[in-house]
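This report concerns only the one structure given below.
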2 protein chains.
Amino acid sequence: MDDNKIFLSESEMPQAWYNINPDLPVPLKPPLHPGTGQPLGPADLAPLFPMALIEQEMSMERWIDIPDEVMDVLKIWRPSPLQRAFRLEKALGTPARIYYKNESVSPAGSHKPNTAVAQVYYNKQEGVQRITTETGAGQWGSALAFSCQTFDIPCEVYMVRVSYEQKPYRRLLMQTWGAECYPSPSDRTEAGRAILAEDPDSPGSLGMAISEAVELAAKDEGTKYSLGSVLNHVLLHQTITGLEMKKQFEIAGDYPDTIVGCVGGGSNFAGFCFPYLKEKMDGKRDIDIIAVEPTACPTLTRGLYSYDFGDTAEMTPLLKMLTLGHKFVPAAIHAGGLRYHGAAPQVSLLVKESVVEARAVAQTSVFEAALLFARTEGHLPAPETSHAIRVAIDEANKCKETGEEKCIVIGYSGHGHFDLGAYENYLSGNITDYALPQEEIDAAEQYLCNWE
Amino acid sequence: MDDNKIFLSESEMPQAWYNINPDLPVPLKPPLHPGTGQPLGPADLAPLFPMALIEQEMSMERWIDIPDEVMDVLKIWRPSPLQRAFRLEKALGTPARIYYKNESVSPAGSHKPNTAVAQVYYNKQEGVQRITTETGAGQWGSALAFSCQTFDIPCEVYMVRVSYEQKPYRRLLMQTWGAECYPSPSDRTEAGRAILAEDPDSPGSLGMAISEAVELAAKDEGTKYSLGSVLNHVLLHQTITGLEMKKQFEIAGDYPDTIVGCVGGGSNFAGFCFPYLKEKMDGKRDIDIIAVEPTACPTLTRGLYSYDFGDTAEMTPLLKMLTLGHKFVPAAIHAGGLRYHGAAPQVSLLVKESVVEARAVAQTSVFEAALLFARTEGHLPAPETSHAIRVAIDEANKCKETGEEKCIVIGYSGHGHFDLGAYENYLSGNITDYALPQEEIDAAEQYLCNWE
């Protein structure tokens with residue numbers, strides 16, 4: 001098939017999400033209560049999430065039906081195209097076939113609305129009156145703002161301060177969709193005020209912003225909290241991308257040898273590779289599945305596998321995951337969406353079990369790849385997405401050496417229309433590489449929890 | 001058909017552009033030489049354009065084949081979706097069906113690459129070594145930068161100063177695609193220096209920027225000039241949108257009663273409505289075709305129908321068109337793409353002949369419509385595009401009163417991802433309406449040319 005884009009019709013969309021929990025190679029350790037250290041029950045999560053999402057979080061059902069009301073909203077932009085990067089292939093002179101699953105076509109410009117729409121729907125069903133959240137680069141916050149607008153629920157977003165200042169357009173996008181957006185740490189919560197008291201110039205982090213958003217939900221009955229990654233219900237909502245992709249590859253008459261995605265919390269990555277994992281684990285298909293992260297925040301490649309908090313203020317449940325420690329404040333690299341100290345327990349476990357390979361890449365090489373992509377394929381990738389593009393190009397270059405005609409697919413998680421400041425820094429030589437010093441990783445250990 | 005989006009496959013794309021010249025209701029007056037007042041010959045245009053485009057400019061052939069090399073690039077994003085605005089309809093409570101032809105899916109985010117790709121291709125064929133152009137909001141400049149990158153030709157863009165300052169991201173987008181971008185008036189040309197000598201703080205205008213870009217092409221043999229609107233070859237390249245739309249409406253089992261598009265120079269509007277005009281003029285279909293412009297730059301609704309220059313410095317051929325006079329400097333409204341003093345001769349003639357209806361709308365009502373669209377359909381429209389959305393909403397509201405179930409289609413020319421500064425001004429109450437005073441229109445007459 002010589003088409004640049006493989007589309008599905010709306011009627012061909014998957015009707016159920018895929019839940020990987022029953023198919024993991026070893027059982028997942030349960031989340032623990034932050035106070036007692038005991039496994040969490042549904043009641044422990046009820047102050048934060050509607051019950052339907054808690055059920056999904058703990059579900060061992062392989063397939064979970066997508067409600068019609070969610071499908072109706074997803075169809076504004078879904079199914080998203082699977083695109084062939086003919087021009088990039090040609091520029092590289094590679095025999096590899098490179099595809100990208102283009103999630104940038106959503107209103108918010110990324111994969112994030114796939115779960116935001118579902119989460120807001122379930123909150124609406126249970127009569128929730130306000131939703132709070134945190135956001136890094138602003139992708140998640142704008143996705144939730146869009147979704148809350150759609151279902152008419154007020155939305156309050158705590159945005160990592162460094163991104164709030166670097167990316168005013170993302171904030172404006174949230175406001176255009178009717179959300180309130182505050183730089184975090186803020187003075188609106190106890191958690192925020194405590195951080196500001198210690199460091200009034202704190203650049204913020206996802207961990208801090210989570211503390212603020214969670215605190216507001218925990219304290220007010222009509223308010224719930226919404227998380228854009230890490231948790232199982234988020235991961236499974238994202239599998240619509242991989243499930244669509246499988247159908248699209250069938251139409252294309254092709255099958256991926258290598259799947260590459262960037263990992264912040266892990267939901268983008270999980271969404272488009274989990275539907276392929278069972279075939280790999282069952283030995284039916286030989287697929288390389290590569291998770292890519294920045295050298296400045298090397299959670300998967302250098303983090304410790306331990307129970308840890310999801311937030312800085314130690315309010316969230318403890319999750320068994322790869323982590324740099326919940327006190328970790330990452331350098332202000334531009335890929336704000338990849339600045340999280342932990343990673344989804346499912347993704348962490350799959351890396352530990354060597355089902356998924358993790359790689360860390362440096363900033364300048366990421367922007368070099370982004371520029372090559374933009375100058376060949378036209379579309380401007382987000383810095384986060386460009387981490388995956390970097391590794392896809394590396395893999396395609398290997399094929400050039402070996403002559404292998406591999407099929408490589410990139411999880412194209414979002415566009416870079418609101419990241420041109422980062423491009424400007426790169427074009428003017430103001431981006432440098434940063435690898436996390438080993439001392440910082442060693443220091444994390446003191447904060448980790450030894451409960452097992 | 002209940003789908004939100006109607007797609008065509010790449011193989012269903014139109015294979016030829018539609019040239020309206022042979023189908024106009026009265027013959028078009030020829031362009032005149034600025035020095036002699038005589039009708040232009042191909043040789044007069046040769047310093048500026050490659051011969052293939054000059055032939056298209058003057059062609060009386062109804063159909064012009066699209067070269068394979070152009071199709072290959074267009075297929076990165078084309079065919080673009082025709083989308084049904086179910087949520088907007090519901091919010092309005094209208095019995096009308098509202099569709100939008102979504103040209104925002106191109107790499108540059110607008111319809112502009114449709115002609116930029118074609119123009120750069122023909123320049124490449126004739127060995128051109130550099131292409132210059134002007135840009136208003138930056139949509140055209142970024143489209144040309146993308147296309148020049150694709151065919152590997154250096155690109156120099158003169159950007160209206162007020163937009164250059166308001167929209168740094170558009171400039172960065174051009175630079176990311178390898179183009180050089182200068183604020184106009186600049187000190188790089190005689191035309192620019194003359195304007196700056198009179199007014200060092202000139203906000204610039206499309207007319208001024210055209211003078212600069214044209215001057216560079218006229219003076220250097222290896223350099224040609226590329227225009228993003230107004231001329232016939234540009235209009236016909238854009239008809240791919242209307243031709244696709246006709247096929248998409250066939251699939252949807254629907255047919256437009258009302259077609260609404262914004263007009264700057266007229267190419268977006270021409271592109272998606274010209275393919276419908278013959279049926280209207282032949283009396284086969286009763287279609288309302290509405291061209292929308294800002295009250296601050298009311299070329300079609302209040303301009304004079306006369307020969308006039310396309311630029312401020314009187315270097316371009318004279319075109320018979322609706323015009324506010326080539327010395328007109330429009331107010332710095334945010335829809336930079338709609339700030340041109342003239343309009344395509346074909347569009348002007350169709351307005352004069354009452355085949356096309358022209359309407360002017362005020363800024364605040366435009367942003368009100370933009371916000372309603374963003375909050376219902378999710379996608380964020382460009383301010384230019386929102387002019388058309390405003391009138392589509394007005395028409396849909398009329399249907400609510402009359403009970404008519406009209407089919408209304410919007411030319412969704414581009415997204416507003418780089419226009420959030422304008423949205424911020426609207427959200428904070430800093431946008432005011434402006435109607436051009438009659439004195440300014442009267443004053444234009446002294447500059448017009450009476451050659452017939």
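As an exercise: evaluate B:ASN425 against (1) without any contact (Cβ under 8 Å) to a residue 60 or more places away in the chain; (2) within 13 Å of chain A (Cβ to nearest Cβ) and give the number of the one condition it does not meet.
(1)
If B:GLU190 satisfies all but one of (1) within 22 Å of A:ASP419 (Cα to Cα); (2) at pLDDT 95 or above, what's the number of the condition it fails?
(1)
If you take the residues in the range A:1-52 that are among the hydrophobic types (A, V, I, L, M, F, W, C) and within 14 Å of chain B (Cβ to nearest Cβ), which one is nearest to the chain's Cα centre (by Cα)?
Selected residue: A:MET13.
Can you tell me which residue is surrounded by the fewest Cβ atoms within 10 Å (Cβ to Cβ) among those in the range A:336-377 that are of a type in the set (Asp, Glu) and more than 13 Å from chain B (Cβ to nearest Cβ)?
Out of the qualifying residues, it is A:GLU353.
Only one of these conditions is not met by B:HIS417: (1) surrounded by fewer than 24 Cβ atoms within 10 Å (Cβ to Cβ); (2) within 14 Å of another protein chain (Cβ to nearest Cβ); (3) in a helix (DSSP H, G or I). Which number is it?
The one condition B:HIS417 does not meet is (3).
Are there any pairs, at least 6 apart or on different chains, whose C-beta atoms fall under 8 Å, with the first in the range B:358-375 and assigned to a loop (DSSP other than H, G, I, E, B) and the second of a type in the set (Phe, Trp, Tyr), and if so, which?
B:ALA362/B:TYR434
Somewhere in the range A:109-125, is a residue open to solvent by 10 Å² or more (accessible area, probe 1.4 Å), more than 11 Å from chain B (Cβ to nearest Cβ) and aromatic (Phe, Trp, Tyr)?
Yes; the residues of the range A:109-125 include at least one that is open to solvent by 10 Å² or more (accessible area, probe 1.4 Å), more than 11 Å from chain B (Cβ to nearest Cβ) and aromatic (Phe, Trp, Tyr).
Which residues, taken from the range A:53-107, are over 20 Å from B:ILE76 (Cα atoms), more than 10 Å from chain B (Cβ to nearest Cβ) and among the hydrophobic types (A, V, I, L, M, F, W, C)?
A:LEU53, A:ILE54, A:MET58, A:MET60, A:TRP63, A:ILE64, A:ILE66, A:VAL70, A:MET71
Regarding the range B:255-264, can at least one residue be identified that is out of contact with any helix residue (DSSP H, G or I) (no Cβ under 6 Å at 6 or more places or on another chain) and either assigned to a helix (DSSP H, G or I) or aromatic (Phe, Trp, Tyr) (or both)?
no
Being open to solvent by 20 Å² or more (accessible area, probe 1.4 Å), at pLDDT 95 or above and among the hydrophobic types (A, V, I, L, M, F, W, C): is that true of A:ILE287 here?
Taking the combined requirement at face value, the residue does not satisfy it.
For the range B:297-317, check the following and say yes or no: at least one residue is in a strand (DSSP E or B) and either open to solvent by less than 10 Å² (accessible area, probe 1.4 Å) or farther than 29 Å from B:ALA218 by Cβ (or both).
Yes, there is a match, as at least one residue in the range B:297-317 is in a strand (DSSP E or B) and either open to solvent by less than 10 Å² (accessible area, probe 1.4 Å) or farther than 29 Å from B:ALA218 by Cβ (or both).
Please go through the range A:37-70 and pick out each residue that is in contact with a helix residue (DSSP H, G or I) (Cβ under 8 Å, 6 or more places away or on another chain) and of a type outside the set (A, V, I, L, M, F, W, C).
Hits for the range A:37-70 are A:PRO42, A:PRO47, A:PRO50, A:GLU55, A:GLN56, A:GLU57, A:SER59, A:GLU61, A:ARG62, A:PRO67, A:GLU69.
Checking B:LEU216 against (1) in contact with a strand residue (DSSP E or B) (Cβ under 6 Å, 6 or more places away or on another chain); (2) under 30 Å from B:TYR99 (Cα atoms); (3) away from chain A (no Cβ under 14 Å): exactly one of these is not met. Which one?
All conditions are met except number (2).
Are any residues in the range A:146-168 at the interface with chain B (Cβ under 10 Å from one of its Cβ atoms) and within 20 Å of the chain's Cα centre (by Cα), and if so, which ones?
Matches in the range A:146-168: A:PHE146, A:SER147.
Go through the range B:378-405 residue by residue and tally those that are among the basic types (Lys, Arg) and either within 12 Å of chain A (Cβ to nearest Cβ) or touching a Ser or Thr at 6+ places or on another chain (Cβ under 6 Å) (or both).
The number of residues fulfilling the criteria is 2.
Just for the range A:4-13: of the residues that are open to solvent by less than 40 Å² (accessible area, probe 1.4 Å) and outside any helix (DSSP H, G or I), which one is nearest to A:GLU215 (Cα to Cα)?
Applying the filter and picking the extreme gives A:MET13.
May I ask you to list the residues in the range B:221-235 that are modelled with pLDDT under 95 and either more than 26 Å from B:GLN346 (Cβ to Cβ) or of a type in the set (Phe, Trp, Tyr) (or both)?
Correct list: B:GLU221 only.
With the checklist (1) open to solvent by 10 Å² or more (accessible area, probe 1.4 Å); (2) more than 21 Å from the chain's Cα centre (by Cα) in hand, flag the one item A:CYS407 doesn't pass.
(1)
Could you pull out the residue among B:ALA335, B:ALA313 that is touching a Pro at 6+ places or on another chain (Cβ under 7 Å) and within 23 Å of B:TYR164 (Cα to Cα)?
B:ALA335
Working only within the range B:99-116, note down all residues that are touching a residue at least 60 places away in the same chain (Cβ under 8 Å) and under 18 Å from B:LEU8 (Cβ atoms).
Answer for the range B:99-116, where residues must be touching a residue at least 60 places away in the same chain (Cβ under 8 Å) and under 18 Å from B:LEU8 (Cβ atoms): B:TYR99, B:TYR100, B:LYS101, B:ASN102, B:GLU103, B:SER104, B:HIS111, B:ASN114.
Only one of these conditions is not met by A:LEU172: (1) within 19 Å of B:HIS417 (Cα to Cα); (2) crowded, with 23+ Cβ neighbours inside 10 Å; (3) aliphatic (A, V, I, L, M). Which number is it?
The single condition A:LEU172 does not satisfy is (2).
Can you run down the residue pairs with Cβ atoms below 7 Å, 6 or more apart or on separate chains, where the first is in the range A:134-156 and modelled with pLDDT of 95 or more and the partner is β-branched (Val, Ile, Thr) and open to solvent by 10 Å² or more (accessible area, probe 1.4 Å)?
A:ILE153/A:VAL128
Consider B:VAL234 against the criteria (1) among the β-branched types (Val, Ile, Thr); (2) part of a helix (DSSP H, G or I); (3) in contact with a strand residue (DSSP E or B) (Cβ under 8 Å, 6 or more places away or on another chain): it satisfies all of them except one. Which criterion is unmet?
(3)
Can you pull out every residue in the range A:27-74 that is among the small types (Gly, Ala, Ser), closer than 19 Å to A:GLU221 by Cα and open to solvent by 40 Å² or more (accessible area, probe 1.4 Å)?
Across the range A:27-74, the qualifying residue is only A:ALA43.
Just checking, does the range A:132-145 include any residue being surrounded by fewer than 24 Cβ atoms within 10 Å (Cβ to Cβ) and farther than 22 Å from A:LEU338 by Cβ?
No, that holds for no residue.
Here are the criteria: (1) free of Cβ contacts under 8 Å to residues at least 40 places away in the same chain; (2) out of contact with any strand residue (DSSP E or B) (no Cβ under 9 Å at 6 or more places or on another chain); (3) closer than 29 Å to B:MET321 by Cα. Tell me which single one B:ASP201 does not satisfy.
It fails just one condition, (3).
It is to be established whether one or more residues within the range A:321-342 are at pLDDT 90 or above, over 17 Å from A:ILE441 (Cα atoms) and part of a loop (DSSP other than H, G, I, E, B).
So far as the range A:321-342 goes, no, none of its residues is at pLDDT 90 or above, over 17 Å from A:ILE441 (Cα atoms) and part of a loop (DSSP other than H, G, I, E, B).
Looking at B:GLU221, B:GLU293, can you tell me which residue is in contact with a Cys (Cβ under 9 Å, 6 or more places away or on another chain) and among the acidic types (Asp, Glu)?
Answer to the selection: B:GLU293.
Checking the condition crowded, with 24+ Cβ neighbours inside 10 Å, farther than 30 Å from B:TYR158 by Cβ, at pLDDT 95 or above and not polar (S, T, N, Q), which residue from B:ILE251, B:ILE240, B:ILE259 passes?
Exactly one residue qualifies, and that residue is B:ILE259.
The values are calculated or read from the model by the stated rules, or taken from the named source; none is laboratory data. Everything numeric in this text was worked out from a predicted model, so none of it was measured. We place every Cβ from the backbone using ideal geometry, glycine too, and count neighbours over all the protein chains shown. All accessible areas refer to the heavy atoms of the entire protein, side chains included, with ligands and DNA or RNA removed. Shrake-Rupley method; radii C 1.70, N 1.55, O 1.52, S 1.80 Å.
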